[in-house]
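Everything below concerns the one structure shown next.
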Amino acid sequence: MIGMKSKLLCLHGFAGSSDDFGFLADDFDIIAPNLDELVSLEFEELKHRILIDHCNDQEVDVLGYSFGGRLAARLKIAAPSQIKHTIICSSHMGHKKVPQARIDLERSIVSKLDSMDKEDFFTFWNALDLFRYDEKSYGSNASLDILKLYFTNYGQSIQPYLIDDLMKLKNEITFVFGLKDKKYCDYANESLIGFNLEFISSGHRILQNQEAILDLLKVLL
């Protein structure tokens, strides 16, 4: 149909929301589930809720940021015929052997979510070196118990290693990283060899460079 927008499933990160993708609505038919409502579910049920309930079992392209990028990758592997081009932003695809430092970090974050109030937690969170080049800080309307589930149910340290399965689908996947995000740029150049990599001017919170993300999507999709 002339003028029909392509469907774009958008998956936000920890402490994000569907509002993070509002800047894309003029150019794409946005499907942006609130992942705070889904992280209590096991992956098979979460997959069903997103692909069947939200996407009506229709083919979609996917844009995922951070936690949402890992989720986008898992959905692409699980449903490659329904998920078309997958754009994964500022996201890690898991470890063959998880470093103890990563396990300790996630345990520390969960401990802080248990012991701090929300204001103090986000003061700690936004001060992490990972976010030093981002223009805006994050908060969340979710309860601390919900935020904790992002790590206890879907933390990077307990997620499967995805690179081998993604390599089989590499022509339909683009990874995007912020040039100021040295930690993840190093990861991309060392661990994502053979994939399509794009780098834009931003820190880790790559969706803050809305113009660059929109321009890239128009090229890819």
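The values are calculated or read from the model by the stated rules, or taken from the named source; none is laboratory data. A quick note: this is a predicted structure, and the numbers were derived from the prediction, not measured. Cβ sites come from the backbone with ideal geometry, for glycine too, and all protein chains shown count toward neighbours. Surface accessibility is based on the protein's heavy atoms, side chains included, excluding ligands, DNA and RNA. Shrake-Rupley method; radii C 1.70, N 1.55, O 1.52, S 1.80 Å.
Only one of the numbered conditions (1) of a type in the set (Lys, Arg); (2) free of Cβ contacts under 8 Å to residues at least 60 places away in the same chain; (3) over 25 Å from Ser137 (Cβ atoms) is not met by Lys96, and that is (2). Residues being part of a helix (DSSP H, G or I), of a type in the set (Gly, Ala, Ser), farther than 28 Å from Phe28 by Cβ and within 17 Å of the chain's Cα centre (by Cα) are entirely absent from the stretch 177-200.
Each row is one residue, and each column tells you yes or no for (1) open to solvent by 10 Å² or more (accessible area, probe 1.4 Å); (2) touching a His at 6+ places or on another chain (Cβ under 8 Å); (3) of a type in the set (A, V, I, L, M, F, W, C); (4) at positive phi.
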| site | (1), (2), (3), (4) |
| --- | --- |
| Tyr150 | no, no, no, no |
| Pro160 | yes, no, no, no |
| Asp165 | yes, no, no, no |
| Lys170 | yes, no, no, no |
| Ile173 | no, yes, yes, no |
| Leu179 | yes, no, yes, no |
| Lys182 | yes, no, no, no |
| Asn189 | yes, no, no, no |
| Asn196 | yes, no, no, no |
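Pairs meeting the criteria (first residue in the stretch 184-200 and under 16 Å from His95 (Cβ atoms), second residue open to solvent by less than 50 Å² (accessible area, probe 1.4 Å) and part of a strand (DSSP E or B), beta carbons under 9 Å, at least 6 apart or on different chains) are Tyr184/Phe177; Tyr184/Gly178; Tyr187/Phe177; Ala188/Phe175; Ala188/Phe177; Ala188/Leu197; Leu192/Phe175. Is it the case, given these coordinates, that Glu119 is on the phi < 0 side of the Ramachandran plot, open to solvent by less than 30 Å² (accessible area, probe 1.4 Å), without any contact (Cβ under 8 Å) to a residue 60 or more places away in the chain and not hydroxyl-bearing (Ser, Thr, Tyr)? Taking the combined requirement at face value, the residue does not satisfy it. Taken together, the residues in the stretch 3-49 that are in contact with a Ser or Thr (Cβ under 7 Å, 6 or more places away or on another chain) and of a type in the set (Asp, Glu) amount to 1. The residue that is surrounded by the fewest Cβ atoms within 10 Å (Cβ to Cβ), among those in the stretch 10-51 that are under 15 Å from Lys218 (Cα atoms), without any contact (Cβ under 8 Å) to a residue 60 or more places away in the chain and aliphatic (A, V, I, L, M), is Ala25.
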